[in-house]
Amino acid sequence: MLINVIVLAAGKGTRMRSNRAKVLHNIGGLPMITHVINASLNLRPNSIGVILGHQADAIESVINARDPSILRVDQHEQKGTGHAVQLGVAALPDSQVTLVVYGDVPLIQQQTLEAAVTSASRGCVGLVTSIFQDPAQLGRIVRNGSGDIQRIVEFKDANTEERQICEINSGILAAPTQLLKGWLQKVQPNNQQGEYYLTDIIAMAVADGITVEGIFSSTPDEVKGVNDRVQLAELERVYQQQQVNALMVSGVSFADPNRVDIRGTLTTGIDCFIDSNVLIEGNVIFGDKVYIGPNSVITDSALGDNVNVKPNTVIEGASIADGCHLGPYARIRPGTELGSGVKVGNFVEIKKSKLLDGVKAGHLAYLGDATIGEDTNIGAGTVTCNYDGVDKHATTIGKNVFVGTNSTLVAPLDIGENAFIAAGSTITKAVADKDLAVGRGKQRNVSGWKSPIKRKD
């Protein structure tokens, strides 16, 4: 059975009190609507159409970045969920199944959607429900004495008895497209809101003898929507706990599972350890036995086996080979490649550079646009001067080079193998293999020097 997905994302989300569309607010570093689209794409649907209204262009740019084949359907007037879905199904084939999801329900799971679609493929309506201890103003599921779903009643239209029901409507449903089209044509705005409710089709289905199957969500959190920043923060914590739990099952230990944020995808080997207040962003890969010290930030990077990242280190867009030691307070910028056993110490910044196996830069250095050969030692305070005010230039250093403390290497520059750069030198010319380079100003000592005396006012 072919599936078509309709994502409802036209609302303003006024309770967010934001200039950004509600569905573009992030959970785990991704817009909420992206999470919903990801779950939908896992179903391999024939098509996905997103119903847009408020900030349609901004939302379209986000969904197109995820999948350019996703269709845009404009709802110029927000007349309710029934009207939105009617717009979405208009051009869909009658012989297929339509799944309706919401752009502000970011934790919905693939297996739940699959269960709803399976129900619809049998000619039923698959309606996702959940049990809330405090349903608040959510729509209630009304069942008969046999436990069969009869209808949905919105909170504002519910009587006192109906408001005591704890089974809620998530809004997510799947139905045969032909039947769905017919029911939507009959929906009328006969409610306190004056809107066309999608929920009205449930009673219509029952009246037509179509079974409505309740699909229970795995947890209430899975179907919670976001209406304000409090709810957004609550679901962010739920999402983070889900990520951490999955990582612990896969062999990762945490100093404090509640003090780690994963805003992207983390793939790890076994026996990794992540300390407190670590932030993972983008696509990050760890090998086996990786240690991440507290307060570190790692973005879009790959770390090999036995990498040790000490506290307060920032790694972005880098490739780190086995056995490297980084930090504390190191900054590894995009385009950096570190070979095996490289040591980068405190307050060392590396940008778009390649350090081959065994290179050591212990502290207080800046290495930009450089290629550094095996087992070279970079002394404290070394700077590769890669920018002349207009263009960037490269520095190439061979293997087994010793660069003394407080050396300034002015690019473009080539330093050969086994060379020695004297401490305090400014090097502007190429250095051949095994040469000693000294670039210091001549020292002059003034005898009998008297330091200035500060005047008294």
TODO: Please give the length that would be gained between A58 and K429 if that part of the chain were fully extended, namely 0.36 nm times their separation in residues minus their C-alpha to C-alpha distance (nm, one decimal).
DONE: 128.4 nm
TODO: Please get the size of the charge dipole for the stretch 155-208, origin at its Cα centre, with Cβ charges of +1 on Lys and Arg and -1 on Asp and Glu, quoted in debye to the nearest 20.
DONE: 180 debye
TODO: Starting from the Cα-Cα distance between D256 and Y387, subtract it from 0.36 nm times their residue separation and give me the gain in nm to one decimal.
DONE: 42.9 nm
TODO: Work from the charge dipole of the chain (Cβ charges, +1 for Lys and Arg, -1 for Asp and Glu, about the Cα centre) and give the residue of L247, N308, G381 farthest towards its positive end.
DONE: G381
- [ ] For the chain, give the share of DSSP beta bridges that are antiparallel, in percent and rounded to the nearest 5; count only bridges with both residues there.
- [x] 15 percent
Task: Debye, to nearest 20: dipole size of the chain, +1 on Lys, Arg Cβ, -1 on Asp, Glu Cβ - done: 1940 debye
- [ ] Sum -39500 (n - 2.57) across every DSSP H segment of at least 4 residues in the chain, then divide by the residue count to get the 222 nm mean residue ellipticity, nearest 500.
- [x] -5500 deg cm²/dmol
Open item on the list: If I take every Cα pair under 8 Å that is 6 or more residues apart in the stretch 272-323, average their sequence separation and divide by the length, what percent do I get for the relative contact order?
Closed with: 33 percent
Open item on the list: As an exercise, use a Förster radius of 60 Å and the Cβ-Cβ distance of F420 and K186 to find the FRET efficiency, rounded to the nearest 0.05.
Closed with: 0.10
Task: Rounded Å value of the spacing that divides the Cα centres of the stretch 329-345 and the stretch 190-214 - done: 60 Å
Open item on the list: Going by Cα centres, the stretch 399-457 and the stretch 17-51 are how many Å apart?
Closed with: 56 Å
Open item on the list: Could you check the spin-label model distance between A91 and N144? Points 7 Å from the Cα along Cα→Cβ, value in nm.
Closed with: 4.0 nm
Task: Prolate/oblate/rounded call for the stretch 1-111, Cα gyration tensor, a/c under 1.5 rounded - done: oblate
Open item on the list: Could you tell me the relative contact order of the chain? Use alpha-carbon pairs under 8 Å, at least six residues apart, and round to a whole percent.
Closed with: 8 percent
Open item on the list: Taking the Cα of V249, stepping 7 Å toward and past its beta carbon, and measuring to each backbone N in the stretch 14-34: which are under 20 Å?
Closed with: 28
TODO: List, in the order given, every pair from K79/K186; K352/K434; K22/K224; K352/K429; K351/K434; K12/K79 whose Cα-Cα distance in the structure shown is over 18 Å.
DONE: K352/K434; K352/K429; K351/K434
Open item on the list: Counting other beta carbons within 10 Å of each residue's own, what order do K12, K289, K310 fall into, fewest first?
Closed with: K12, K289, K310
Task: Taking I372, I427, I280 and counting other C-beta atoms within 10 Å, the order from fewest to most - done: I427, I280, I372
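The numbers here are math on the coordinates, done by the rules we state, and not lab data. Nothing here was measured: the structure is a model prediction, and the numbers come from that model. Positions of Cβ are backbone-derived with ideal geometry, glycine not excepted, and every protein chain shown enters the neighbour counts.
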